[in-house]
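Encoded as structure tokens, the structure appears first; notes follow it.
The values are calculated or read from the model by the stated rules, or taken from the named source; none is laboratory data. Just so we're clear, the structure is a prediction, and the values are computed from it rather than from any experiment. Reconstructed Cβ throughout: ideal geometry from the backbone, glycine too, with neighbour counts over all protein chains shown. Note: accessible area is taken over every heavy atom of the protein model, side chains too, but ligands, DNA and RNA are not part of it. Shrake-Rupley method; radii C 1.70, N 1.55, O 1.52, S 1.80 Å.
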Amino acid sequence: MSSRDRILARVRAAVENAPATPAATRDYLTSHTPDDPVAVLDLLHENLADYRAVVHRTVTAGVAPLIAELLAAREARSVLVPDGLPPQWLSGVTSVRVGDTPRSTAAELDHVDSVVTGCALAIAETGTIVLDAGPGQGRRRITLVPDHHICVVRVPDQVVASVPQAMSRLDPRRPLTWISGPSATSDIELDRVEGVHGPRTLEVILLSG
């Protein structure tokens with residue numbers, strides 16, 4: 001008998017006469033936010049900014065000029081564009097466009113200045129953006145390697161108040177990436193360092209209309 005078998009046998013013996021596990025209660029609130037789209041959007045904006053994301057609001061006619069302006073401000077010579085991203089969003093962009101391909105290496109992605117994506121959902125109470133590799137989002141790595149990420153959130157269709165509400169709309173079989181602000185960590189002295197294992201700068205566009 002192996003060590004593993006002996007350990008499992010002891011566990012089985014220890015719990016053999018244990019009482020049955022009580023049923024889990026599910027009577028908790030699914031949201032702590034008023035059922036008001038304006039309040040939910042304001043809370044999302046506040047929490048995104050609290051996580052040091054740069055938040056912009058615009059309407060359909062303003063999204064292309066805004067994205068072009070943000071890329072120009074970064075002096076982005078190249079921008080990674082995943083399949084399915086609405087082409088009109090980039091109509092004013094002059095940066096060289098890089099495609100999302102399976103052959104792209106981490107080193108190649110590291111040389112890309114910016115990436116523009118959509119998202120699956122945004123969660124107001126936690127200031128979280130969720131990507132699921134759907135159209136306009138691309139592979140997970142394209143939002144982890146480049147230093148600058150612009151993410152467009154459609155309002156109100158892609159905004160929910162809480163995590164429980166998000167879970168009911170997300171497919172757990174898809175590769176979910178949960179982003180709460182730019183990548184950051186702190187050392188033992190609590191000195192914050194951004195861009196350690198993801199983009200140093202996250203800009204979120206709340207697109208209404």
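Long-range amide H contacts for Thr128: which residues qualify at under 5 Å (H placed 1.01 Å from N, peptide plane, sequence gap of 5 or more or a different chain)?
The answer is Ile123.
Rounded to the nearest 10 degrees, what's the angle between the helix 60-73 long axis and the longest principal axis of the chain, both from Cα atoms, 0 to 90?
Roughly 90 degrees between the two axes.
Which whole-number value in Å² is the accessible area per residue of region 1-110, probe 1.4 Å?
72
Give the average over all directions of the projected area of the C-alpha convex hull of the chain, one decimal, in nm².
17.5
Rounded to a whole number, what is D in µm²/s for region 1-97 from Stokes-Einstein with the Kirkwood radius over alpha-carbon pairs (20 °C, 1.002 mPa s)?
110
Please return the longest range in the chain lying between exposed loop sites, taking GluC sites (Glu not before Pro), DSSP loop only, at most 10 other beta-carbon atoms within 10 Å, and leaving the sites out.
The longest uninterrupted stretch comes out as 76-188.
Test of understanding: express the Cα radius of gyration of region 50-97 as a ratio to 2.2 N^0.38 Å, with N the residue count.
Relative to the rule-of-thumb radius for its length, region 50-97 sits at 1.19.
Taking the Cα atoms only, what angle lies between the long axis of helix 37-50 and the longest principal axis of the chain, rounded to 10 degrees?
90
Could you state the angle between the C-alpha long axis of helix 3-14 and the longest principal axis of the C-alpha atoms of the chain, as a value from 0 to 90 degrees rounded to the nearest 10?
So the inclination is approximately 70 degrees.
Roughly how many percent of the accessible protein surface of the chain is carbon and sulfur, given a 1.4 Å probe and a whole-percent answer?
So the carbon and sulfur contribution to the accessible surface is 54 percent.
Give the long-range amide H neighbours of Leu80: residues separated by 5 or more places, or on another chain, with amide H under 5 Å away, using H modelled in the peptide plane at 1.01 Å from N.
Under 5 Å from the amide H of Leu80 lie the amide H atoms of Val98, Ser114, Val115, Val116, each far enough along the sequence or on another chain.
For the chain, set up a GNM with springs between Cα atoms under 10 Å and report which of Ala14, Ala166, Ala24 has the largest fluctuation.
Maximum among the listed residues: Ala14.
Ranked by accessible surface with a 1.4 Å probe, highest first, in what order do His56, His111 come?
So, going from the largest accessible area down, we get His111, His56.
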